[in-house]
Amino acid sequence: MVQKISNYIKEVQIELHKAQWPWSNEEHGIKRFRELWSSSLIVIIAMLLVGGYISFFDFIAINIIGFLTRS
């Protein structure tokens, strides 16, 4: 069992070395992940904007339906 896990980890490392990463090997530290951080920030901002947009129209719809259905 331990041998299978060891082989799996070695094979994963070999495949990860074959992968083409979006940064060069000369970059170190946070500079390496600049593209990842900027892309993640764009996704988070987009999620907040879409969430706000949906919440706003949900709030408006609830109030309009509540006003129309009051007896």
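Put simply, the convex hull of the Cα atoms in the chain casts, on average, a shadow of 10.2 nm². The share of Cα pairs per 5 Å bin across the range 32-71, counted from zero up to the longest distance, runs 6, 22, 13, 13, 11, 9, 9, 6, 6, 3, 2, 1, 0 percent. Between residue 63 and residue 14, the contour length at 0.36 nm per residue exceeds the Cα-Cα span by 11.8 nm. Applying the criteria of a DSSP loop state and at most 14 other Cβ atoms within 10 Å to the trypsin sites (Lys or Arg not before Pro) of the chain yields 70.
Extension gain for residue 55 to residue 41 (0.36 nm times residue separation, less C-alpha to C-alpha distance): 2.9 nm. Put a plus charge on the Cβ of each Lys and Arg, a minus charge on the Cβ of each Asp and Glu, and nothing anywhere else: the dipole of the chain about its Cα centre is then about 120 debye.
Just so you know, all these numbers are worked out from the coordinates, no wet-lab data involved. All figures in this text were calculated on a predicted structure; none of them were measured in a lab. With ideal geometry, Cβ positions are generated from the backbone for all residues, glycine too; neighbour counts draw on all protein chains shown.
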